[in-house]
Amino acid sequence: MRAAAAAVPGTSVGVVLVSHDTREELLGALASLAADTVSALHLDIVVVDTGSVDGTAHAVAAAWPEVRVLRLVNTGFARAANAGMRVTRGWAVVVANADVRFEPGAVAALVGALARDPALAAVGPAVRYPDGTLQASARRRPGTVTAVAHALLGRWLPENRWTVHYHGRDLDPDLPRDVDWLSGCALVFRRAAIEPLGGFDPGYFLYVEDVDLAERLRAAGWRLRYEPAARVRHRVGASTGQARWSSLRHHARSLNRYLAARMSGPVRMLRPLLPPVLLAWAVVTAVAERCGRGRSTTGERQHGGSDHDRRR
């Protein structure tokens with residue numbers, strides 16, 4: 001497949017699409033890439049199918065025979081994305097969920113921004129829901145107070161100042177900017193930046209792997225960039241909505257891994273409290289959803305109101 005003309009014409013760029021029982025969503029993502037026909041940029045696309053039972057692999061082979069399919073057992077998003085990155089070619093690699101739709105020129109804009117600034121490790125697009133509403137895909141790293149306030153209030157009072165600050169909704173969404181972390185739903189990486197770090201931490205089954213990798217990249221001296229000239233649409237979680245409680249448990253476990261690894265000094269005394277607190281958070285989140293507070297586990301509103309929770 002080819003994408004719209006980029007700053008590095010004639011080069012190959014890897015594209016990794018991770019899918020789990022999201023056959024129709026995945027076919028839509030591939031169609032959005034194929035629809036971008038004016039290009040000098042070759043896309044080496046690999047679908048990583050993580051144990052799907054909905055015929056995903058056969059459907060891709062039938063509709064897009066030029067697209068490779070890597071079939072794995074379901075060992076989580078991080079391992080799947082890493083496996084896909086290892087088998088693709090190109091100095092840059094796009095990683096995306098199956099429920100993403102790339103608008104014309106999106107991949108080229110991402111790759112172009114990455115090519116223009118050698119200090120960038122990753123670039124993320126402007127991400128919108130299918131109805132055009134902006135998603136908070138380029139965020140600040142929250143401090144302790146902001147993190148707690150967002151966790152307590154974000155679902156019930158989404159316009160509270162801590163959540164707005166964390167989501168970066170106080171910034172102009174039409175201006176490029178450096179960010180602390182980017183949503184893993186769709187972004188492009190520089191291989192030279194991520195390969196020395198081993199890619200995503202495979203210890204994360206689902207959620208937070210993008211936050212962790214962003215922090216490790218910045219610690220290694222790299223920067224991350226939000227590029228609104230690249231635009232994608234994202235349903236937010238076509239896969240995890242099928243198993244809501246399981247996704248909440250995975251998110252709590254990922255938060256536990258992330259936070260525990262960053263506790264130091266006297267704060268480590270609070271380490272035993274993390275699991276019960278996060279379990280309580282998962283239960284409260286599930287109850288809130290039953291009460292009609294339809295939001296994803298990362299605080300995004302759910303597209304379509306009472307529909308299932310989405311991936312990120």
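The values are calculated or read from the model by the stated rules, or taken from the named source; none is laboratory data. Computed from a predicted structure; not experimentally measured. Reconstructed Cβ throughout: ideal geometry from the backbone, glycine too, with neighbour counts over all protein chains shown.
For the range 120-143, name all the residues that are over 14 Å from Phe189 (Cβ atoms) and of a type in the set (Gly, Ala, Ser). Break it down into steps so the answer makes sense when it comes.
Applying the first criterion (over 14 Å from Phe189 (Cβ atoms)) to the range 120-143 yields 126-143.
Correct list: Ala126, Gly132, Ala136, Ser137, Ala138, Gly143.
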Residue among Val211, Val188 that is touching a Phe, Trp or Tyr at 6+ places or on another chain (Cβ under 7 Å) and modelled with pLDDT of 90 or more: Val211
Filter result (part of a helix (DSSP H, G or I) and either surrounded by fewer than 10 Cβ atoms within 10 Å (Cβ to Cβ) or at pLDDT 80 or above (or both)) within the range 287-296: Arg290
Where Asp49 falls short, out of the listed (1) under 17 Å from Val232 (Cβ atoms); (2) modelled with pLDDT of 95 or more; (3) more than 15 Å from the chain's Cα centre (by Cα): (1)
Wholly enclosed helices (runs of 4 or more DSSP H) of the range 10-88 bearing at least 1 residues among the β-branched types (Val, Ile, Thr): 56-63, 77-87
Every pair of residues 6+ apart whose Cβ atoms lie under 7 Å, when the first sits in the range 37-53 and is closer than 16 Å to Val15 by Cβ while the second is at pLDDT below 90 and charged (D, E, K, R): Thr37/Arg2; Ser39/Arg2; Leu41/Arg2; His42/Arg2; Leu43/Arg2
Count of the range 180-203 residues which are more than 21 Å from Val47 (Cβ to Cβ) and touching a Lys or Arg at 6+ places or on another chain (Cβ under 7 Å): 4
Count of residues meeting criterion [closer than 19 Å to Glu215 by Cα and of a type in the set (S, T, N, Q)] in the range 107-151: 3
Members of the range 135-180 that are free of Cβ contacts under 8 Å to residues at least 40 places away in the same chain, surrounded by fewer than 14 Cβ atoms within 10 Å (Cβ to Cβ) and of a type outside the set (D, E, K, R): Gly143, Thr144, Val145, Val148, Leu157
Test for Asp131: is it at pLDDT 90 or above, charged (D, E, K, R) and assigned to a loop (DSSP other than H, G, I, E, B): yes
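Here is a list: Val87, Val73. Which entry is farther than 17 Å from Phe205 by Cβ and of a type in the set (Val, Ile, Thr)?
On the way: Val73 fails: farther than 17 Å from Phe205 by Cβ.
Answer to the selection: Val87.
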Residue in the range 88-106 that is surrounded by fewer than 19 Cβ atoms within 10 Å (Cβ to Cβ), farther than 18 Å from His234 by Cβ, touching a residue at least 24 places away in the same chain (Cβ under 8 Å) and basic (Lys, Arg) present: yes
